[in-house]
Amino acid sequence: MTRIIAIIKKELLLDARQKNLILALILYTVTNSYVAYKAFFNMPKMSWNSVFLIIFLYIGLNTILKSFGGRYSNRYLHYYSYYNPVELLIAKIIYNFVLLFILSAFLGLILLLFTNHQMADWSLFLLSLLAGCFGISCCYSVISLMSVKSNTNATIFSVLALPLAFPILLTMLKLNANSLGLINDTDIYTDVLILGAIAMMFLSISLVVFPSLWRS
């Protein structure tokens, strides 16, 4: 855990030195929210749910793509010499998860502010967001490394990321509909468990695949 925490601190320090990356993500979030609001003007809750998940997906793409981008290629020997691949993966997933959750929660607040909608169940919404961000972080962190290793950068990342995120998005769509009061499902915590299971499945696959990609 000491080594994992050290990697997370290093990532935080690097992002602090490149504030333009984080500010660009915040600007991307606000701009997309405003454009969606102006496009719908009187956005119903059902459309709010869909718009939120679409923007959430692309925030995840832009946030996690940088995990193994230029920063990775410039420091590959440093990473390879000092870190165990599993430790590096766990640190990257934790960092990406926290960053994505903060940006996604900010996205939800901005969209609610623009549309004047009220969340019926904040605890369920945040629970759905936590599990969804964790699953996306596990899935996208490994795909980001694959895109760098194949020298195709964002191409393979976009092609693989969207289909793999599909089950996460569908489950979040249902949970968010409950959070907004659009539907009343008495079995919502089963959906939460399903979403958590999908996230753990992606984590398990990542832990198996990542060391091989790392050494290739």
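The values are calculated or read from the model by the stated rules, or taken from the named source; none is laboratory data. This structure is a prediction, so every number in the text was calculated from the model and none was measured. In this analysis, Cβ positions are derived from the backbone assuming ideal geometry, glycine residues included, and neighbour counts consider all displayed protein chains.
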Notebook entry, point to check: In the stretch 42-60, what count of residues is obtained for those that are at pLDDT below 80 and surrounded by 16 or more Cβ atoms within 10 Å (Cβ to Cβ)?
Noted result: 1
Check: So, in the stretch 178-216, of the ones that are hydrophobic (A, V, I, L, M, F, W, C), under 30 Å from Ser144 (Cα atoms) and over 19 Å from the mean Cα position of the chain (by Cα), which residue ends up surrounded by the fewest Cβ atoms within 10 Å (Cβ to Cβ)?
Finding: Val208
Margin query: Filter the stretch 6-41 down to the residues that are touching a residue at least 60 places away in the same chain (Cβ under 8 Å), surrounded by 15 or more Cβ atoms within 10 Å (Cβ to Cβ) and among the hydroxyl-bearing types (Ser, Thr, Tyr) and list them by number.
Written below: Thr29, Ser33, Tyr37
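One line per residue, one yes/no per condition, for (1) within 17 Å of the chain's Cα centre (by Cα); (2) under 30 Å from Glu87 (Cβ atoms); (3) of a type outside the set (Phe, Trp, Tyr):
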| residue | (1), (2), (3) |
| --- | --- |
| Ile4 | no, yes, yes |
| Asp15 | yes, yes, yes |
| Leu25 | yes, yes, yes |
| Val35 | no, no, yes |
| Phe52 | yes, no, no |
Margin query: Going through Ile156, Ile143 one at a time, which residue ends up being at pLDDT below 75, part of a helix (DSSP H, G or I) and surrounded by 14 or more Cβ atoms within 10 Å (Cβ to Cβ)?
Written below: Ile156
